[in-house]
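Asker: Got a structure for you, questions after.
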Amino acid sequence: MSNGSRVSDLFDLRGSVAIVTGASSGLGEGFARTLVDAGATVVAAARRLDRLEVLAKELDGTGPAGGRVVPVACDVTSEDDRRSLVETAAAIAGHIDVLVNNAGMPGPPNAEQETVEGFAGLLDLNLASGFHLASQVASTVADGRTLSIVNISSVIGLVSTSPIGGASYAASKAGTLGLTRELAGQWGRRGIRVNAIVPGWFDTEMTDGLFANEKSAGWVRRNTMLGRGGGPGEVDGALLFLASPASSYVTGHSLVVDGGWTAR
């Protein structure tokens, strides 16, 4: 990239193909919208195909040249589904440029409630599936091309947030940060960048009523430097930065978007 590039070029994803998992709601839906607005063709993956189809219809023709949504039903814990997802994305233009590993779910808040099967299943969804999908996408990168992988972690992977959080969820999100660093180290010389976003408290399906309850909402306000939870779109800029040429010299990094929660 030359020093003379216009600022808008730094965030231009026209002609790019991006995969976003967990795109049917919450942060994942916002990520899909942002990438479409930047010009990417977004292969939106989730188990709830009906929601993805509504999103695709809504965004059809609204993005810059090439920006659109391709909905794909996918359970990321399924090897067959992951393979089909990668094949669908690669067939669009012969390359995949961005992977956003966002699919995930919370677990029980109390360690005593965790079962062996439940703990393993949550790690499979939140951590292992992202690794396997990243490996499959990385195998498609041809010489001379680049790939940006963005893994979605959580402040729960950095600090204890008891009584909210949970052992299996914390383990999965802390593991995501370690995985991000390791893959960045292994794949950097191949032109593959791997970074993570670490969101704080956002009002989504995942937080399930956190902000509807005054006690828990007050807890967030008191312990966040900005005195509030994150609003709609406030993590999307971080995603666009890491997905686009603007971050071409950034890898192995965890970008915290938490209103100052972990800086206290």
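Read-outs: derived from the displayed coordinates by stated rules, not from any lab. This one's a predicted model, so the numbers in the text were calculated from it and none came from an experiment. Note: ideal-geometry Cβ built from the backbone for every residue, glycine included; neighbour counts use all protein chains shown.
Asker: For segment 55-76, name all the residues that are outside any loop (DSSP other than H, G, I, E, B) and under 9 Å from T41 (Cα atoms). Spell out how you get there, then give the answer.
Answerer: We begin by selecting, within segment 55-76, every residue outside any loop (DSSP other than H, G, I, E, B); these are 55-59, 68-73.
Residues satisfying the conditions are R68, V69, V70.
Asker: Among residues belonging to segment 229-264 that are among the charged types (D, E, K, R), within 19 Å of the chain's Cα centre (by Cα) and part of a loop (DSSP other than H, G, I, E, B), point out the one that is surrounded by the most Cβ atoms within 10 Å (Cβ to Cβ). Give the derivation first.
Answerer: So in segment 229-264, the residues among the charged types (D, E, K, R) come out as 234, 236, 258, 264.
Those still in the list that are within 19 Å of the chain's Cα centre (by Cα) too: 234, 236, 258.
Applying the additional criterion that residues be part of a loop (DSSP other than H, G, I, E, B) yields 234, 258.
Values: E234: 16, D258: 23.
My answer is D258.
Asker: Given segment 113-228, what helices (runs of 4 or more DSSP H) lie entirely inside it while holding 2 or more residues that are crowded, with 20+ Cβ neighbours inside 10 Å, under 21 Å from the mean Cα position of the chain (by Cα) and in contact (Cβ under 8 Å) with a residue 12 or more places away in the chain? Reasoning before the result, please.
Answerer: Values: elements: 116-123, 129-138, 167-187, 214-223.
So the answer is 129-138, 167-187.
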